[in-house]
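First comes the structure, then the notes that go with it.
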Amino acid sequence: MQSEKTTILVEGALMIALATVLSFTRVFTLPWGGSVTLLSMLPIVLFSIRRGIKAGLGVSFLFALVQFVQGIMDGLFGWGLTPGSLVACIFLDYLLAFTVLGLAGIFRKKGVTGWLLGITFAVLLRFAMHFLSGIMIWKSFGKLWEGFYTENTVLYSLLYNGAYMLPEMIFTVIGAVVLLKMPKVGSYLAKPAN
């Protein structure tokens with residue numbers, strides 16, 4: 001029993017480390033936060049599928065803390081937010097947005113289709129957190145790209161956050177499909193140790 005817990009902890013730590021390294025490899029970055037990374041969510045969602053929601057949420061929360069520290073390094077405290085907006089940003093854009101990735105294992109007992117549905121569900125929940133943040137916190141920006149400005153905060157948040165979350169979701173699902181086609185990966189996820 002103790003060795004199984006140790007195995008889960010080590011596996012979780014490795015997935016957080018891998019996800020963190022991948023999060024530094026950015027395909028593109030938007031001007032006010034948000035970027036498409038090289039499959040940074042994939043290790044976290046695969047861990048959730050392998051180990052279940054409880055362990056998945058624990059690991060994804062730790063990954064959220066790492067992302068928060070990365071946000072600090074990217075200048076989070078220099079964005080000019082009020083204290084209330086800053087706290088809301090920390091919760092919505094970091095702690096909640098990355099922790100919900102741990103829910104990817106919600107349909108894990110349904111096989112490959114359930115795994116892909118779970119990944120899509122978890123990434124959509126992450127998008128929802130950023131979308132809410134865009135409406136509640138970042139609504140004052142309104143300028144999406146040069147020549148495109150909108151006063152509609154819902155449209156602004158949908159387009160801005162969709163610009164990086166949709167490609168991020170597509171890449172994550174494609175990455176999962178490629179990995180799941182490898183027999184050893186599929187059998188590894190299909191027979192969780194817990």
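The values are calculated or read from the model by the stated rules, or taken from the named source; none is laboratory data. Fair warning: this is a prediction, and the values are worked out from it, not measured in the lab. Using ideal geometry, Cβ is built from the backbone for each residue, glycine included, and neighbour counts are taken over all protein chains shown.
Here is how the numbers come out for the structure above:
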| quantity | calculated |
| --- | --- |
| Selected residue [at pLDDT 95 or above and small (G, A, S)] from G71, G56, G75 | G56 |
| Filtered residue count, segment 1-26, keeping only those that are more than 17 Å from Q67 (Cα to Cα) and surrounded by 13 or more Cβ atoms within 10 Å (Cβ to Cβ) | 4 |
| Residue selected from segment 27-40 under the condition within 16 Å of I174 (Cα to Cα) and hydroxyl-bearing (S, T, Y), by the criterion surrounded by the fewest Cβ atoms within 10 Å (Cβ to Cβ) | T37 |
| Residue identified as part of a helix (DSSP H, G or I), at negative phi and at pLDDT 85 or above among V123, V185 | V123 |
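Residue by residue, here is whether (1) touching a strand residue (DSSP E or B) at 6+ places or on another chain (Cβ under 6 Å); (2) at negative phi; (3) hydroxyl-bearing (S, T, Y) holds:
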position	(1), (2), (3)
T20	no, yes, yes
S40	no, yes, yes
R51	no, yes, no
A55	no, yes, no
L65	no, yes, no
G71	no, yes, no
G75	no, no, no
G78	no, yes, no
